[in-house]
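As structure tokens, the structure follows; a few thoughts come after it.
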Amino acid sequence: MKSIIYALVVCLFATGKLYAQTHIKYEISFKNAVHHEGEIAVEYNGVDMDTLSVRMSRTSPGRYAIHEFAKNVYAFKAVDGGGNKLKVTRPNPYQWDITGHSGIVKIYYTLFANHGDGTYAQIDETHAHLNIPATFIYAPSLENRPVQIKFHPRKDLKWKIATQLKPLNENEYYAPNLDYFMDSPVEISDHRIRTFKTRSGNKEYDINFVLHQADGYEGFDAYFEKVKKIVETEMEIFGDLPDFDYGSYYFLACYMTNVDGDGMEHRNSTVLTNQASLSNGGDRQNIGTVAHEFFHAWNVERIRPASLEPFDYTGADMSGELWFAEGFTSYYTYLTLCRTGIMSKEYYASSLSGPLGSVWNSPGRKYFNPVEMSYQAPFVDAATSVDQVNRENTFISYYTYGNVLGLALDLSLRNLETDKSLDGFMRLVWHAYGKNELPYTLKNLQDALTSYTDESFSDEFFNAYIYGSAMPDYQSLLASVGIGFSELYEERPVLGAQIQQIDNKWLISSNPTQGASLYNAGLSKGDKIVSIDGKLTNNKLKPNELLNLYKAGETVKVVFNRYGRQKETELTFTKNLSFKTYLIENPSEELRQRQNLWLGKTSGEGKP
């Protein structure tokens with residue numbers, strides 16, 4: 001978001017005359033919620049251009065791919081101040097051009113919304129879950145005008161409003177400009193709320209957790225205690241809280257069976273959606289998303305890549321820094337849960353093997369470094385396409401890639417002679433770029449690491465692991481904090497693709513991984529394996545059971561169907577390259593102390 005504009009929030013709000021003359025007015029009601037419709041009205045006053053162009057966004061803050069929100073807008077009409085119909089033309093699928101007005105334009109339209117997550121909108125009789133870009137049109141030429149919005153919640157459904165927007169009057173809220181408005185999700189439902197106050201510097205802030213779920217609120221208080229621990233632990237990393245506008249931060253949690261699982265950060269709030277309620281396993285499933293999204297209040301919302309400024313609502317936003325913005329945040333997600341005691345050290349140690357193995361063994365490192373993997377976000381961040389892609393062999397999630405690089409940098413810093421850590425580096429970046437909301441570049445990050453360590457260390461890390469695709473020596477790094485790192489299966493082979501058992505055959509349902517058994521044998525996605533080494537691959541034989549019968553290096557005959565024809569090939573089993581990570585038993589006192597400095601001293605509760 002535009003940090004300079006945000007600094008004007010209080011100034012604009014206090015200037016009553018300016019606000020009254022130039023604000024844009026929105027209203028939304030939900031009479032036909034049962035059929036997922038919202039009725040929306042927008043009023044523009046003081047329009048001084050002959051043609052007022054309005055449009056639906058194609059992107060959403062926190063997402064990087066294109067999302068065609070305009071497809072769900074219909075019954076669009078525009079009138080002037082006297083109610084006279086105005087001419088509307090469509091220059092492209094996302095825009096409406098309105099002419100013939102005399103300075104006042106009123107727009108009315110219906111929105112269909114039935115996808116509850118961190119990007120889209122959902123309207124039904126359980127709630128109105130509104131992400132602003134998916135819900136409201138906007139006028140690009142009036143982006144600096146303040147916004148007033150009035151909601152009409154369903155009183156018969158006991159709906160209440162929760163949002164980071166500034167409250168004005170009953171059901172009326174305010175945003176200083178388009179960017180703040182677009183970045184302010186709204187949850188309207190019969191929800192419950194818990195609040196605690198915390199101080200940062202000489203200011204006090206309300207941390208609010210809004211919970212909407214269908215099967216009661218048992219366990220909410222215990223869950224909220226975990227949320228408190230997360231807030232306090234992440235605050236310790238940076239030394240203070242962000243200066244939340246209007247003194248409040250909102251977790252907007254919707255744990256309902258009708259939503260899609262997601263988490264999406266915003267300036268002073270975050271959306272949390274999951275189908276599992278707290279009493280149905282959600283207390284464990286969802287707490288990691290809380291830790292991840294709140295860390296974003298620093299890292300990405302205020303420690304913000306220059307490549308995302310200003311945010312583009314008309315096209316995909318590409319950033320080469322997502323390995324840091326998203327990936328380092330992912331590293332701190334489980335680390336925070338471990339430090340708070342929500343997760344045990346044993347579980348945390350074992351969980352490191354998944355991301356380490358997926359990055360270490362991915363063919364994708366041959367094609368893209370972490371910066372270039374970040375550039376892929378517009379194609380993978382909830383993006384859609386109808387043609388097949390080869391992501392299995394060319395892509396590593398910047399969340400995962402950055403996660404393991406954060407681990408490597410943290411342990412490398414802790415192995416220096418001086419008292420260094422990733423916590424200290426993040427605090428330095430926060431003070432250099434986040435507190436003042438000065439967008440950073442890749443070079444800024446490298447220079448910051450130089451100032452925190454020295455030029456040699458910084459150049460080596462960035463050249464080898466950020467601009468290159470080398471892998472750090474994780475075995476030595478993990479051993480330095482009392483964690484073992486070894487191969488999971490030394491002899492058991494791997495097929496190297498996903499297998500679905502359909503019609504008494506094994507269907508290869510993903511692209512085989514380069515260098516693995518199926519790939520080397522010339523088998524491909526869509527092939528149906530009839531037999532391996534004479535053993536029929538029917539529903540009675542499980543892939544894992546078959547693999548237990550062989551060792552890497554053995555060669556067998558495979559019969560398969562492709563495009564309706566039966567074929568044969570030879571397959572040589574390749575080695576399973578998975579890893580396991582674990583706490584070393586009975587570490588030395590020095591290792592134990594180093595581990596405690598890293599993970600905290602609490603024993604934890606096991607799996608989160």
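The values are calculated or read from the model by the stated rules, or taken from the named source; none is laboratory data. All values reported here derive from a predicted model rather than from experimental measurement. So basically every Cβ, Gly included, is an ideal-geometry build from the backbone, and we count neighbours across all protein chains shown.
Filter the stretch 529-553 down to the residues that are hydrophobic (A, V, I, L, M, F, W, C) and farther than 26 Å from G564 by Cβ, then identify the one that is nearest to the chain's Cα centre (by Cα). Selected residue: L547. Out of the stretch 472-487, which residues are modelled with pLDDT of 95 or more and charged (D, E, K, R)? Answer for the stretch 472-487, where residues must be modelled with pLDDT of 95 or more and charged (D, E, K, R): just D473.
When N586, N596, N539 are checked against the criterion of being at positive phi, surrounded by fewer than 16 Cβ atoms within 10 Å (Cβ to Cβ) and either outside the structural domain of R339 (by TED's automatic domain parsing) or not in a strand (DSSP E or B) (or both), N586 stands alone in meeting it.
The residue list V231, V259 contains one member that is under 21 Å from R199 (Cα atoms), among the hydrophobic types (A, V, I, L, M, F, W, C), at pLDDT 95 or above and in contact with a strand residue (DSSP E or B) (Cβ under 6 Å, 6 or more places away or on another chain), which is V231.
Condition check: at pLDDT 95 or above, buried (at least 22 other Cβ atoms within 10 Å of the Cβ), more than 30 Å from R58 (Cα to Cα) and in contact with a helix residue (DSSP H, G or I) (Cβ under 8 Å, 6 or more places away or on another chain). Does L322 satisfy that? Judged against the criteria, L322 is not a match. Just give me the residues in the stretch 274-293 being under 20 Å from I342 (Cα atoms) and polar (S, T, N, Q), in sequence order. Result: N274, S277, S279, N280, Q285, N286, T289. Scanning the stretch 324-365 for residues that are in a loop (DSSP other than H, G, I, E, B) and closer than 13 Å to K229 by Cα turns up G341, I342, M343. Checking G341, G288, G327, G357 one by one, the residue that is in contact (Cβ under 8 Å) with a residue 12 or more places away in the chain, under 30 Å from S486 (Cβ atoms) and not assigned by TED's automatic domain parsing to the domain that holds Y467 is G288 and no other. State all residues of the stretch 165-205 that are small (G, A, S) and buried (at least 21 other Cβ atoms within 10 Å of the Cβ); if no residue qualifies, say none. A175, S184, S189 - these are the residues of the stretch 165-205 that are small (G, A, S) and buried (at least 21 other Cβ atoms within 10 Å of the Cβ).
Take the residues in the stretch 71-89 that are touching a strand residue (DSSP E or B) at 6+ places or on another chain (Cβ under 6 Å) and not in a strand (DSSP E or B), then tell me which one is surrounded by the most Cβ atoms within 10 Å (Cβ to Cβ).
Looking at residues that are touching a strand residue (DSSP E or B) at 6+ places or on another chain (Cβ under 6 Å) and not in a strand (DSSP E or B), I get N72.
Checking each residue in the stretch 429-463 for being aliphatic (A, V, I, L, M) and exposed (fewer than 14 other Cβ atoms within 10 Å of the Cβ) picks out no residue at all.
Checked against the criterion of being assigned to a loop (DSSP other than H, G, I, E, B) and not aromatic (F, W, Y), the candidates S476, S510 yield just one match: S510. Touching a Leu at 6+ places or on another chain (Cβ under 6 Å), in the same structural domain as L352 (by TED's automatic domain parsing) and of a type outside the set (D, E), is that true of Y452? Judged against the criteria, Y452 is a match.
Hey, any hits in the stretch 206-222 for a residue that's loosely packed, with under 15 Cβ neighbours inside 10 Å and part of a helix (DSSP H, G or I)? Yes, the stretch 206-222 has at least one match. In summary, M56 fulfils each of the numbered conditions (1) more than 29 Å from P153 (Cα to Cα); (2) within 27 Å of the chain's Cα centre (by Cα); (3) of a type in the set (A, V, I, L, M) with the single exception of condition (1). Of the residues making up the stretch 556-583, just one is surrounded by 12 or more Cβ atoms within 10 Å (Cβ to Cβ) and without any contact (Cβ under 8 Å) to a residue 24 or more places away in the chain, namely K567.
Listed by first and then second residue, the pairs with beta-carbon distance under 7 Å, at least 6 apart or on different chains, first residue in the stretch 99-125 and free of Cβ contacts under 8 Å to residues at least 40 places away in the same chain, second part of a loop (DSSP other than H, G, I, E, B) and not hydroxyl-bearing (S, T, Y), are G100/L86; S102/D80; S102/G81. The residues of the stretch 168-187 that are farther than 15 Å from Y246 by Cα, touching a strand residue (DSSP E or B) at 6+ places or on another chain (Cβ under 7 Å) and assigned to a loop (DSSP other than H, G, I, E, B), listed by number, are N171, P185. When the stretch 495-524 is filtered for residues that are farther than 22 Å from V359 by Cα, within 34 Å of the chain's Cα centre (by Cα) and not hydrophobic (A, V, I, L, M, F, W, C), the ones remaining, listed by number, are Q500, Q501, S524. The number of residues in the stretch 108-162 being over 20 Å from H191 (Cα atoms) and assigned to a strand (DSSP E or B) comes to 9.
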